[in-house]
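The values are calculated or read from the model by the stated rules, or taken from the named source; none is laboratory data. Since this is a predicted model, take the numbers as computed values, not measurements. All Cβ positions, even for glycine, are placed from backbone atoms using ideal geometry, and neighbour counts span all protein chains on display.
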Amino acid sequence: MLIREEKRNRFQAAILVLILSGIIGNLFGVFLGAVLPEGSLHDALSKSKAFGLDPPLSIDLWIVSVSIGFNVKLNSCGLLFMFLGLIFYKKA
């Protein structure tokens, strides 16, 4: 039973590392995109790809209406930071 809890805690920590490193990487990519002059490097770092539910899923049940949406926006720095975060997490 203790092994399952340890695996679950390690999985939760890995997900947290992925999310935080993705956020930091996206912020870094936006910063570099604002600082760098126009060119191919600027375009590679500042362009991002969004995917998810757009527009959000809406369910109208006459009495109550529910909307569910999810959207993720990543750029190349975010992906790089997520990859590096997982590597450093595995080494630790």
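For residue 54, the conditions (1) under 20 Å from residue 22 (Cβ atoms); (2) of a type outside the set (Lys, Arg); (3) in contact with a Gly (Cβ under 7 Å, 6 or more places away or on another chain) all hold with the exception of (3). When residues in the stretch 19-61 are screened for being surrounded by fewer than 11 Cβ atoms within 10 Å (Cβ to Cβ) and among the aromatic types (Phe, Trp, Tyr), 1 of them pass.
Going residue by residue through the stretch 31-40, is there one that turns out to be of a type in the set (D, E, K, R), out of contact with any Pro (no Cβ under 8 Å at 6 or more places or on another chain) and in a helix (DSSP H, G or I)? There is no residue in the stretch 31-40 that is of a type in the set (D, E, K, R), out of contact with any Pro (no Cβ under 8 Å at 6 or more places or on another chain) and in a helix (DSSP H, G or I). Does at least one position in the stretch 40-63 carry a residue that is over 15 Å from residue 78 (Cα atoms) and touching a Leu at 6+ places or on another chain (Cβ under 8 Å)? Within the stretch 40-63, not a single residue is over 15 Å from residue 78 (Cα atoms) and touching a Leu at 6+ places or on another chain (Cβ under 8 Å). The set of residues in the stretch 70-92 being out of contact with any strand residue (DSSP E or B) (no Cβ under 7 Å at 6 or more places or on another chain) and not in a helix (DSSP H, G or I) consists of 92 alone. Of all residues in the stretch 61-83, those that are over 19 Å from the mean Cα position of the chain (by Cα) and modelled with pLDDT of 90 or more total 5.
Looking at the stretch 63-79, is at least one residue in contact (Cβ under 8 Å) with a residue 12 or more places away in the chain and at positive phi?
Of the residues in the stretch 63-79, the ones in contact (Cβ under 8 Å) with a residue 12 or more places away in the chain are 68-79.
So of that shortlist, the ones also at positive phi come out as none.
Among the residues of the stretch 63-79, not one is in contact (Cβ under 8 Å) with a residue 12 or more places away in the chain and at positive phi, which makes the answer no.
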